[in-house]
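**Student:** First, the structure itself, so that you have it in front of you.
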Amino acid sequence: MKVWVGIDDTDSVNGMCTTYLALLAMDKVEKFGRVVGFPRLIRLNPTIPYKTRGNGAVAFLVETDDVENVIEVVDDVIIEHSMMSDDSTNPGAVFVNFENDRLMSHLTKFARKAVRDIVSLDEALFIIGKYFIPHLKYKKGRGLIGALSAVGYDGHDYTYELLAYRMPERFGTPRGIDEDSFYEADELYYPKIWDTVDWRNRIVVCVPKGKDPVLYGIRGSDYNAINSAVEILRTEEVDRKMMFITNQSTDAHLIDEDEVNEVKNFHSYIIRGTVVQKPYIHKGGHVFFTIKTKFGEVKCSAFEPTKQFRDVVLKLIEGDEVRVFGAMKKNTINLEKMEVIKLVRFRYSNPKCPICGKRMKSSGRNKPFRCKNCKTTAESRVKEKIDRDLSEGFYEVPPCARGHISKPLVRMDVPNKNIFR
Ligand SMILES: [Zn+2]
């Protein structure tokens, strides 16, 4: 039979990575079956506050006649390798019969909710109980949510990420990489791979900073291109590599405004609106502005880490029509992308005096505008062109500020893309 193995919440900021732990499990599972296809790396709702580092869960498909032993080796690996001593690490694993269509379609709905909304541990336990799903629960077992989601996720849109792992004795030490080789790989294989480096901010974004086992992760739409790109990279010794199929770079977390009647914190949206309060820089370099939407006024932000994207946002003025893409936290949409739909190009101002050139003053309702000094008058306000140093189209944050699930513009089939590379 074919069994999906889902695993989540085995890591912490102090180390490990659920993808790596899944790899160790896949190795041991091979004794009792065969792993079929690429494993999956599914990112859940990025706004959830109790997430582990990247809020990513893993699932892989095993063909086996010995589910008992598969469960046992996964149990062994989790106990041996997960960051169990960390309070916020609460691992979970599930073993789901691939052929149970009713269960799989239930899990697909559950997964969609886990990526865009909030699910409780009780909801996960309910499904496990209803379908008698074999599972492993450690401590609070929060990982069961991600484990079920990774199994059930139905990606109409998906991408790949090849993760390379370090030799275990090097975990926790600075990563040895030749940065130039990552720029070379990007130059050759972009846009089949993306978010490898951030040229303008001079950051190799695909190399993490933490204590986890990952050396780098190359993201892309074409696994042949990813494999070729990896050939070019010059780094410390790589222990092993694994290609994952993933919902990263797909915008799967975004809820369209047409689907809902209100906007809530811990959800991510696409909302259209008109700028009613022009952007301003707050201390720390964060930029804020307000738009009027079908939900009322919504505050938006481009935080300091979004770097040059803030310069675009700061060019907006009252009346501009935009569509914002981002996560709502503290009643503010944190922009990941923006479409400038329509810019205000004219304004109505008091007429200028034809003699002295100063603006005329209004002399009251239904009375003409006057220049006191020159005694000139004019009947109405005049339409004036505004010089805009901005054009309609799509804008995005730089690669160094991109969230895992956010779709880069290079993947979007839209006109007037201002791609940040
Ligand atoms: Zn005048």
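**Student:** Look at the range 353-389 and say how many of its residues are near the ligand (Cβ under 8 Å from one of its atoms) and touching a residue at least 60 places away in the same chain (Cβ under 8 Å).
**Tutor:** Counting residues in the range 353-389 that are near the ligand (Cβ under 8 Å from one of its atoms) and touching a residue at least 60 places away in the same chain (Cβ under 8 Å) gives 0.
**Student:** A further question on this structure: Which condition number does Arg365 fail, the rest of (1) out of contact with any strand residue (DSSP E or B) (no Cβ under 9 Å at 6 or more places or on another chain); (2) at pLDDT 95 or above being met?
**Tutor:** Among (1) out of contact with any strand residue (DSSP E or B) (no Cβ under 9 Å at 6 or more places or on another chain); (2) at pLDDT 95 or above, the lone unmet condition for Arg365 is (2).
**Student:** Select from the range 334-352 the residues that are within 16 Å of the ligand (Cβ to nearest atom), touching a Phe, Trp or Tyr at 6+ places or on another chain (Cβ under 8 Å) and among the polar types (S, T, N, Q) and list them in ascending order.
**Tutor:** The initial filter retains those residues of the range 334-352 that are within 16 Å of the ligand (Cβ to nearest atom), namely 349-352.
Among the residues that remain, those that are also touching a Phe, Trp or Tyr at 6+ places or on another chain (Cβ under 8 Å) are: 350-351.
If the condition is that a residue be within 16 Å of the ligand (Cβ to nearest atom), touching a Phe, Trp or Tyr at 6+ places or on another chain (Cβ under 8 Å) and among the polar types (S, T, N, Q), then Asn350 is the only one that fits.
**Student:** Which condition number does Glu259 fail, the rest of (1) assigned by TED's automatic domain parsing to the domain that holds Cys400; (2) in contact with a helix residue (DSSP H, G or I) (Cβ under 9 Å, 6 or more places away or on another chain) being met?
**Tutor:** (2)
**Student:** Those residues that are assigned to a strand (DSSP E or B), buried (at least 20 other Cβ atoms within 10 Å of the Cβ) and aliphatic (A, V, I, L, M), I need them from the range 24-60; list them, please.
**Tutor:** Leu41, Ile42, Ala57, Val58, Ala59
**Student:** Let me ask something else. Show the residue pairs meeting these rules: Cβ distance below 6 Å; 6+ apart or different chains; first residue within the range 95-121 and assigned by TED's automatic domain parsing to the domain that holds Asn45 and surrounded by 15 or more Cβ atoms within 10 Å (Cβ to Cβ); second residue in a loop (DSSP other than H, G, I, E, B) and of a type in the set (Ser, Thr, Tyr).
**Tutor:** Within 6 Å, the pairs are Leu103/Tyr131; Ala111/Tyr153.
**Student:** A follow-up question, please. If I ask for residues that are modelled with pLDDT of 95 or more, buried (at least 22 other Cβ atoms within 10 Å of the Cβ) and not in a strand (DSSP E or B), which ones from the range 205-219 would you list?
**Tutor:** Cys206
**Student:** Could you please find all residues in the range 292-306 being closer than 23 Å to Phe420 by Cβ and surrounded by fewer than 19 Cβ atoms within 10 Å (Cβ to Cβ)?
**Tutor:** Our first condition is that a residue be closer than 23 Å to Phe420 by Cβ; within the range 292-306, this holds for 300-306.
If the condition is that a residue be closer than 23 Å to Phe420 by Cβ and surrounded by fewer than 19 Cβ atoms within 10 Å (Cβ to Cβ), then Glu304, Pro305 are the ones that fit.
**Student:** Being of a type in the set (Val, Ile, Thr) and in contact with a helix residue (DSSP H, G or I) (Cβ under 8 Å, 6 or more places away or on another chain) is the filter here; which residues of the range 227-249 pass it? Even if it seems obvious, please write down each step before you answer.
**Tutor:** Let us first name the residues in the range 227-249 that are of a type in the set (Val, Ile, Thr), namely 230, 232, 235, 238, 245-246.
Those that are of a type in the set (Val, Ile, Thr) and in contact with a helix residue (DSSP H, G or I) (Cβ under 8 Å, 6 or more places away or on another chain): Val230, Ile232, Thr235.
**Student:** Surrounded by fewer than 14 Cβ atoms within 10 Å (Cβ to Cβ), at pLDDT 95 or above and touching a Leu at 6+ places or on another chain (Cβ under 9 Å): is that true of Tyr280 in this structure? First the steps, then the outcome.
**Tutor:** Details: surrounded by fewer than 14 Cβ atoms within 10 Å (Cβ to Cβ): yes; at pLDDT 95 or above: yes; touching a Leu at 6+ places or on another chain (Cβ under 9 Å): yes.
Spelling it out, Tyr280 is indeed surrounded by fewer than 14 Cβ atoms within 10 Å (Cβ to Cβ), at pLDDT 95 or above and touching a Leu at 6+ places or on another chain (Cβ under 9 Å).
**Student:** Somewhere in the range 168-177, is a residue charged (D, E, K, R), outside any loop (DSSP other than H, G, I, E, B) and over 30 Å from Met412 (Cα atoms)? Before the answer, list the steps.
**Tutor:** Going residue by residue through the range 168-177, those that are charged (D, E, K, R) are 169-170, 175.
Filter again for outside any loop (DSSP other than H, G, I, E, B), leaving 169-170.
Next cut, over 30 Å from Met412 (Cα atoms) only: 169-170.
Yes - at least one qualifying residue is present in the range 168-177.
The values are calculated or read from the model by the stated rules, or taken from the named source; none is laboratory data. Being a predicted model, the structure only gives us computed values, none of them experimental. We place every Cβ from the backbone using ideal geometry, glycine too, and count neighbours over all the protein chains shown.
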